[in-house]
Amino acid sequence: MPLPQPDTAEPKSEPETSLTDTGVGTGLSVLTKVVATLPNTPGVYRMLNAAGDALYVGKAKSLKKRVSSYTRIDRMPMRLQRMVYETYHVEIVVTHTEAEALLLESNLIKQLKPRYNILLRDDKSFPYIMITSGHPFPRVLKHRGGRVKGNEYFGPFASTTAVNRTLTTLQKVFLLRSCSDAVFANRTRPCLLHQIKRCAAPCVGKLGQSDYEDLVRQSREFLHGDSRAIQDELAKKMDAASANREYETAAQFRDRIRALTAVQSHQDINVSGMAETDVIALHRANGQTCIQIFFFRGGQNFGNRAYFPSHAAEDEDGTIMEAFVGQFYAAYPPPKEILLNIPIPNRTLVADALAIRADRKVAVSTPQRGDRKKIVEHAATNAREALLRRAAENSAQRELLEGTAEVFKLASPPERIEVYDNSHISGTNMVGAMIVSGPSGLMKNAYRKFNIKTPGLAPGDDYGAMREVLHRRFSRAQSEDPERTQGQWPDLVLLDGGEGQLSTGVQVLADLGIDDVLIAAISKGPDRNAGREHFHLPGQASFMLPPNHPVLYFLQRLRDEAHRFAITTHRAKRAKSMGQSTLDDVSGIGASRKKALLRHFGSGRAVAEAGIEDLRSVAGISAAMAKKIYDHFHSEG
């Protein structure tokens with residue numbers, strides 16, 4: 001269901017005055033004027049500051065009653081008083097129902113990340129298992145990102161490890177192919193996966209289409225939780241093969257049964273009857289909160305993930321849980337059932353909103369007894385343990401940041417450290433990379449990669465690449481966050497390199513007029529010996545830290561993480577460039593024609609060498625298109 005678009009309700013002819021000059025009075029004036037125009041209907045309101053940034057997004061059963069509550073300033077905690085203080089205008093969206101308002105509120109919070117809302121801070125996507133369509137012999141593989149119509153998706157899985165483990169089981173038990181269509185079409189003999197009994201080798205006729213379709217059916221049933229029925233079916237086939245003295249075939253069925261049995265034995269808690277259920281548990285201690293979510297699909301545990309939402313100290317547990325559920329399922333499809341360890345204030349409303357999103361009923365409950373309560377308690381235990389681990393890690397991280405401040409003579413422990421590195425092979429596919437660390441450790445959602453674009457840059461010019469990366473990074477920071485209020489400016493910049501890289505970085509910051517960001521470089525010692533790193537600071541002699549110094553280990557890890565990220569980015573870019581075809585440069589050749597040509601000729605080079613008549617024989621290639629392709633590869637110059 002499409003959600004309504006916002007209308008703006010803001011004060012008319014309001015003078016251009018600074019918030020610091022006007023105080024709470026201006027915010028109250030804005031809200032009072034808006035309340036006078038609001039209906040007693042459901043909707044969503046957005047409070048914005050003078051710069052147009054969202055301060056808070058809220059839903060209401062009655063917009064007039066809800067927004068008017070913010071005008072009673074003396075009844076609100078100091079945090080909300082500050083919000084009213086900063087409010088410059090309000091945007092209103094009227095919805096048909098309160099459930100629609102809840103959906104829109106969750107979407108806007110996820111998109112805008114308002115300062116005064118409870119926020120789920122996580123940008124990681126979940127992997128799925130995909131069974132492809134459009135081919136006589138479907139593939140089974142791991143998938144992230146957007147969905148293609150016709151393909152089947154199973155998940156989500158909490159981690160790559162969880163999805164890889166299930167894929168391995170699928171290969172062992174059902175022998176489905178994972179190779180690309182191009183590889184499949186060009187096989188002349190079975191591959192290694194067939195030899196280790198993880199593929200039925202339909203590419204070379206080892207298995208017919210009907211038998212392969214039966215394997216696909218069984219894999220679907222397995223992913224839906226019917227592993228016991230499949231195990232019984234395989235056992236009957238094993239017994240029949242054994243009775244017919246087909247012992248090798250019987251042994252193959254035996255191995256497949258063992259793989260299924262191993263999966264069933266890994267279930268450490270009873271998940272019978274939980275075909276499609278998410279279990280969510282919240283634990284709170286010392287002002288911090290962890291929310292643990294477990295994914296159960298088809299009676300199997302698809303893994304779990306911990307979240308640490310940002311919220312105010314006065315927020316109730318149920319309110320935090322409700323905000324988490326709304327924001328989480330704004331990004332991911334809701335399952336049929338959601339189990340919570342604590343009740344939420346608007347359970348029925350949340351269930352109705354999720355039903356609208358899923359286009360089917362979604363049950364939301366807090367179990368009080370039985371196996372479901374045990375599973376929820378298990379999730380709560382994991383939430384408590386995750387919060388304890390995070391507290392210990394944060395304490396150790398804080399000590400390392402304090403030590404870093406001492407080493408580099410910073411006034412206070414750095415809240416944000418940015419580390420930069422470049423990667424290339426003989427100057428090709430050069431990329432720059434930035435990783436970020438802070439009080440909570442590595443901030444992977446803040447990582448950035450830079451494709452080097454400087455015209456005329458000599459291949460392998462690391463200094464020129466670093467110059468471009470730093471200039472792009474800090475010129476953008478100057479334009480997007482000139483007041484440095486969004487936490488995007490580093491306290492320490494660390495470059496992977498020696499004095500040359502440091503000089504480059506110092507010059508870039510000087511050119512941009514930035515003189516209050518400390519920049520340093522880290523280089524390996526003689527023979528690139530890790531542990532004998534030299535640190536370089538502007539205007540100072542380089543120095544070393546004792547080999548067992550904890551800050552040395554810390555900065556080494558940051559440098560190595562930047563190096564890993566740069567190399568991974570470079571390899572991805574190189575693989576993409578290697579995967580490009582000469583057909584990509586031919587005007588009028590889209591994905592379908594390119595696929596038809598490659599399947600017919602086998603390679604782009606063979607297409608380039610083909611005659612016009614040969615090109616015309618390909619499905620979808622007209623006489624005019626065949627001549628265009630031929631002329632492209634045979635024209636002079």
Original post:
Calculated FRET efficiency, residue 254 and residue 399, Cβ-Cβ r, R0 45 Å, to nearest 0.05?
Top reply: 0.25
**OP:** Find how much the distance from residue 232 to residue 623 grows on full extension, using 0.36 nm per residue of separation minus their present alpha carbon separation; answer in nm with one decimal.
**Re:** 135.1 nm
Subject >> Estimated translational D of region 417-577 in µm²/s (Stokes, Kirkwood radius over Cα pairs; 37 °C; 0.692 mPa s) >> reply: 202
Subject >> Rounded, prolate or oblate (a/c below 1.5 giving rounded, otherwise prolate when a/b exceeds b/c) for region 582-634 by Cα gyration tensor >> reply: rounded
**OP:** Place the peptides 468-479, 537-548, 607-618, 94-105 in order of packing, highest mean first, counting for every residue the other Cβ atoms within 10 Å and averaging per peptide.
**Re:** 94-105, 468-479, 607-618, 537-548
**OP:** Take every Cα pair under 8 Å in the chain that's 6+ residues apart, average their separations, divide by the length, and report that relative contact order as a whole percent.
**Re:** 8
**OP:** Can you tell me the order of 323-335, 562-574, 451-463, 398-410 when each peptide is scored by its average per-residue count of other Cβ atoms within 10 angstrom, highest first?
**Re:** 323-335, 562-574, 398-410, 451-463
**OP:** Give the residue from 603, 623, 590 lying farthest towards the positive end of the charge dipole for region 582-634; charges sit on Cβ (+1 for Lys and Arg, -1 for Asp and Glu) and the dipole is referred to the Cα centre.
**Re:** 590
Subject >> Loop GluC sites (Glu not before Pro), region 298-337 (other Cβ atoms within 10 Å of the site Cβ: 13 or fewer; DSSP) >> reply: 314, 316
Original post:
Taking the Cα centre of the chain as the origin, how large is its charge dipole in debye, to the nearest 20, when only Lys and Arg (+1) and Asp and Glu (-1) carry charge on their Cβ atoms?
Top reply: 2020
**OP:** Starting at the first residue of region 294-304, write each ³J(HN,Hα) from the Karplus equation 6.51 cos²θ - 1.76 cosθ + 1.60 with θ = phi - 60°, in whole Hz, x for Gly and Pro.
**Re:** 10, 10, 10, 9, x, x, 10, 8, 8, x, 9
**OP:** For region 150-164, just list the computed ³J(HN,Hα) in residue order, Karplus coefficients 6.51, -1.76 and 1.60, θ = phi - 60°, integers in Hz, with x standing in for Gly and Pro.
**Re:** x, 6, 9, 10, 10, x, x, 9, 6, 8, 4, 4, 5, 6, 5
**OP:** Would you kindly calculate the translational diffusion coefficient of region 122-203, applying Stokes-Einstein with the Kirkwood radius from alpha carbon pairs, for 37 °C and a viscosity of 0.692 mPa s, and quote it in µm² s⁻¹ without decimals?
**Re:** 242
Original post:
What residues qualify as long-range amide H neighbours of residue 139, i.e. H under 5 Å apart, gap of 5 or more or another chain, H built at 1.01 Å from N?
Top reply: 132
**OP:** Based solely on C-alpha atoms, express the radius of gyration and the Dmax of region 173-236 in angstrom.
**Re:** 12.7, 37
**OP:** For the chain, divide the Cα radius of gyration by the Kirkwood radius and give the resulting Rg/Rh value with two decimals.
**Re:** 1.01
**OP:** For region 582-634, give the magnitude of the charge dipole about the Cα centre (Cβ charges: +1 Lys/Arg, -1 Asp/Glu; no others), in debye to the nearest 20.
**Re:** 200
**OP:** Counting helices only, and only those DSSP H runs with n ≥ 4, report the 222 nm mean residue ellipticity of the chain as the sum of -39,500 (n - 2.57) divided by its residues, in deg cm²/dmol to the nearest 500.
**Re:** -14000 deg cm²/dmol
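The numbers here are math on the coordinates, done by the rules we state, and not lab data. Keep in mind that this is a model prediction, so the values were computed, not measured. We place every Cβ from the backbone using ideal geometry, glycine too, and count neighbours over all the protein chains shown.
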